[in-house]
Amino acid sequence: MAIELDPQALSLFTEGYDKILQGLARLGYTTHDDNFKDTAKRAAKGFHELVHDQNQVGAEVDALLAKTFPAKYSEMVISKHNTCFGICPHHLLPVIYRISLAYIPHDKVLGLSKLSRLARMIARGPKLQEDLTHDLAEILHTRLGSHGSAVYIEGLHMCMAARGVGAHEARLITSGVRGVFLDQATTRQEFIKLVVAPQITVV
Ligand SMILES: [Zn+2]
């Protein structure tokens with residue numbers, strides 16, 4: 001199911017970007033030349049692509065969780081270093097995330113690409129990184145019906161890197177664990193060790 005853009009939200013975003021262009025003109029930028037011809041519309045579309053409709057996201061997650069496969073495997077399944085995008089609720093500026101997810105299956109596993117898709121879906125919206133971490137951990141434990149879940153997120157926040165404190169090297173790190181990852185320190189440590197190890201690709 002492809003995520004669709006909402007025409008009414010799009011037109012409200014376009015009005016907002018029209019105002020931003022007026023602000024830029026006031027600061028001496030020539031916002032009436034051809035470079036800016038469809039900028040408000042284009043920017044609105046770009047913004048909408050970072051903030052998906054919550055109802056559609058909910059339906060997409062339901063569909064994704066409905067497609068599981070029976071499995072005998074009951075060890076850790078990890079999807080590591082997924083690059084995802086969202087925006088922060090305080091400044092509406094982009095955040096680049098690197099998300100690692102894990103769960104321990106009970107009797108069913110998700111399809112190969114599903115963990116990456118899930119991370120990307122849930123990240124898209126104006127939400128705190130802390131809440132994103134919580135939401136992903138909950139979905140992979142409670143809703144998937146697993147023995148436990150673990151989430152580790154590094155976030156590069158434009159509101160911190162490009163303005164404000166100018167901390168472009170700083171990454172915000174959050175982690176969330178549920179079930180066996182919460183109860184067993186060794187399982188949690190194994191997960192952290194695997195996700196913080198430098199990425200060495202197989203090909
Ligand atoms: Zn912010």
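The values are calculated or read from the model by the stated rules, or taken from the named source; none is laboratory data. Please read these numbers as outputs of a predicted model, since none were measured by experiment. We place every Cβ from the backbone using ideal geometry, glycine too, and count neighbours over all the protein chains shown. We work out accessible area using only protein heavy atoms, side chains counted, and drop any ligands, DNA or RNA first. Shrake-Rupley method; radii C 1.70, N 1.55, O 1.52, S 1.80 Å.
May I ask you to derive the FRET efficiency for Phe69 and Val196 from their Cβ-Cβ distance with R0 = 35 Å, giving the value to the nearest 0.05? Using R0 = 35 Å, I get an efficiency of 0.75. Counted residue by residue at 0.36 nm each, then reduced by the alpha carbon distance between them, the extension gain from His81 to Asp18 reaches 19.0 nm. Simple point charges give the picture: +1 on the Cβ of Lys and Arg, -1 on the Cβ of Asp and Glu, and for the chain a dipole about the Cα centre of about 360 debye.
Between the helical axis of 129-138 and the longest alpha-carbon principal axis of the chain there is an angle of about 40 degrees. What the Cα atoms of the chain give is an Rg and a Dmax of 19.7, 65 Å. The mean accessible area for residues of segment 7-50, using a 1.4 Å probe and ignoring ligands and nucleic acids, is 76 Å² per residue. Derived from the Cα gyration tensor, the three semi-axes of the equivalent ellipsoid of segment 111-203 are 25, 17, 15 Å, largest first.
For the listed residue pairs Lys72/Lys114; Lys45/Lys108; Lys41/Lys114; Lys41/Lys80; Lys72/Lys127; Lys67/Lys193, the alpha carbons are over 26 angstrom apart in Lys45/Lys108; Lys41/Lys114; Lys41/Lys80; Lys72/Lys127; Lys67/Lys193.
What is the sum of charges around Arg178, taking Lys and Arg as +1, Asp and Glu as -1, for the other residues whose C-beta is under 12 Å from the C-beta of Arg178?
-1
Using the Cα coordinates of segment 7-50, the gyration tensor eigenvalues translate into equivalent-ellipsoid semi-axes of 20, 10, 8 Å, sorted from longest to shortest. With the simple model of a label 7 Å out from the Cα in the direction of the Cβ, Leu27 to Leu92 spans 1.5 nm.
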